[in-house]
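Here is the structure we will look at.
The values are calculated or read from the model by the stated rules, or taken from the named source; none is laboratory data. Owing to the predicted nature of the structure, the values given are computational and were not obtained by experimental measurement. Virtual Cβ from ideal backbone geometry, glycine too; neighbours counted across all protein chains shown. Remember, those area values only see protein heavy atoms, side chains included, never the ligands or the DNA or RNA. Shrake-Rupley method; radii C 1.70, N 1.55, O 1.52, S 1.80 Å.
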Amino acid sequence: MRKSILQDRKECFCCGTTLNLERHHVIHGTAGRKIADRLGLTIWLCPEHHRSPHQRHDVDLRYKRFAQSCYMDRYGTKSGYVLWMAEVGKNYL
């Protein structure tokens with residue numbers, strides 16, 4: 001599992017708590033978790049906030065857009081987009 005490119009500290013991405021954290025794979029599903037682990041597309045969430053992206057499409061989409069933006073910033077907008085599409089296969093922006 002690669003270190004997250006989305007978050008530096010182990011605290012809830014939403015509220016900042018450090019208690020009872022759960023790792024959230026921004027790209028999820030069976031194949032998605034492997035991709036998220038390989039690319040570092042994970043964030044820490046407390047149990048309350050970890051339910052949100054699994055229950056609300058708007059929250060899930062916000063995290064995916066953030067992940068894609070961070071990935072493209074890291075690798076350059078043009079080449080980052082090409083790499084993202086090769087790895088993830090879906091544009092969220």
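On average, how much accessible surface per residue is there in the chain, in Å², for a 1.4 Å probe, leaving out ligands, DNA and RNA? Intermediate values should be presented prior to the final figure.
Values: 5620 Å² over 93 residues.
In whole numbers, the chain has 60 Å² accessible per residue.
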Leaving out ligands, DNA and RNA but keeping every protein chain, what accessible area does PHE13 have, in Å² rounded to the nearest 10, with a 1.4 Å probe? 70
In debye to the nearest 20, how big a dipole does the chain give about its Cα centre with +1 on each Lys and Arg Cβ and -1 on each Asp and Glu Cβ? 220
Which is farthest toward the positive dipole end of the chain among SER79, LEU6, GLN68, measuring Cα position about the Cα centre, with Cβ charges +1 (Lys, Arg) and -1 (Asp, Glu)? SER79
In whole Hz, what ³J(HN,Hα) sequence does region 43-58 give by Karplus (6.51, -1.76, 1.60; θ = phi - 60°), x for Gly and Pro? 9, 8, 9, 6, x, 4, 6, 6, 5, 3, x, 8, 10, 10, 4, 5
Longest the chain segment clear of trypsin sites (Lys or Arg not before Pro) sitting in DSSP loops (not H, G, I, E or B) with at most 11 other Cβ atoms within 10 Å runs 11-55
Rounded to the nearest 10 Å², what accessible area does HIS49 show when all protein chains are kept and the probe is 1.4 Å? 50
Relative contact order (%) - criterion: Cα under 8 Å, at least six apart; region: the chain: 26
Given a 1.4 angstrom probe, I'd like the percentage of the accessible area of the chain that is carbon and sulfur, rounded to a whole number. 50
Nearest-10 value in Å² for the accessible area of LEU83, using the 1.4 Å probe: 70
